[in-house]
1. Hey, does the stretch 90-98 have a residue that's part of a strand (DSSP E or B), surrounded by 18 or more Cβ atoms within 10 Å (Cβ to Cβ), in the same structural domain as ASP43 (by TED's automatic domain parsing) and not basic (Lys, Arg)?
2. Give the stretch 67-78 a look and list any residue that's at pLDDT below 85 and in a loop (DSSP other than H, G, I, E, B), or say none.
3. Taking only pairs six or more apart or across chains, which ones have beta-carbon atoms under 8 Å, a first residue in the stretch 26-41 that is loosely packed, with under 14 Cβ neighbours inside 10 Å, and a second residue that is at pLDDT 90 or above?
Amino acid sequence: MRTLDSTFKSEKNKSADKPIYLYTIYDYDGSSNNLYFAEWDTDIVYNGITYTRFPITHDFIGENSQNEVDSVKVSIGNVSREIQAYLELYDLRGVKVDITLVWADQLADTDAYITDTFYIDSYTADEQAVTFTLTSKFDVIDLTLPVRNYSRNYCSWKFKSTECGYAGATATCNKTKVACKAMAGGSNYARFGGFPSVPSQRVAIG
């Protein structure tokens, strides 16, 4: 069951309260980097962390008869393709997500919040939005994740790995097929670790 501190309770009961939802997507790349988003019209700094304003919303978070939080869907704007780029580079299934409710008038009080923790079970993307289905850890802990993502424009190989096969002088690679074709005159493009035949108009990842 979720617990609330006294400041949170008083803010919640005000007639003119200003709730803000903050979203943390943990370790999205397997290198301990996190994504921080705010459902607000400006960036939000809370507890020393800057949450970037972003078009993001989620379903109502309720509790079932066992006082457990139900699964929830989170929708993130995809017009800029920024979020889809993450999906093409990384498999986010099983990744931990916190949804934190704070109050605009109490951002200095790091105890005035409530956080619900979920794990990404599945997600879909189209030209307008990316939709994540979040659920409890127990629903995804036994999930078998694929070894590779099926991405049209991005390579899943680690740069200069055995699978990649590139051994030239270029020090970095952004893993796009354009970059792969530009290296060594395109001689290594046959080893590009993406799937150009995947449709570009809609992406569905189960």
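The values are calculated or read from the model by the stated rules, or taken from the named source; none is laboratory data. From a predicted model like this one, the values you see are computed outputs, not experimental measurements. All Cβ positions, even for glycine, are placed from backbone atoms using ideal geometry, and neighbour counts span all protein chains on display.
1. yes
2. Hits for the stretch 67-78 are ASN67, GLU68, ASP70, SER71.
3. Note: pairs meeting the criteria are ASN33/ASP27; ASP41/ARG53.
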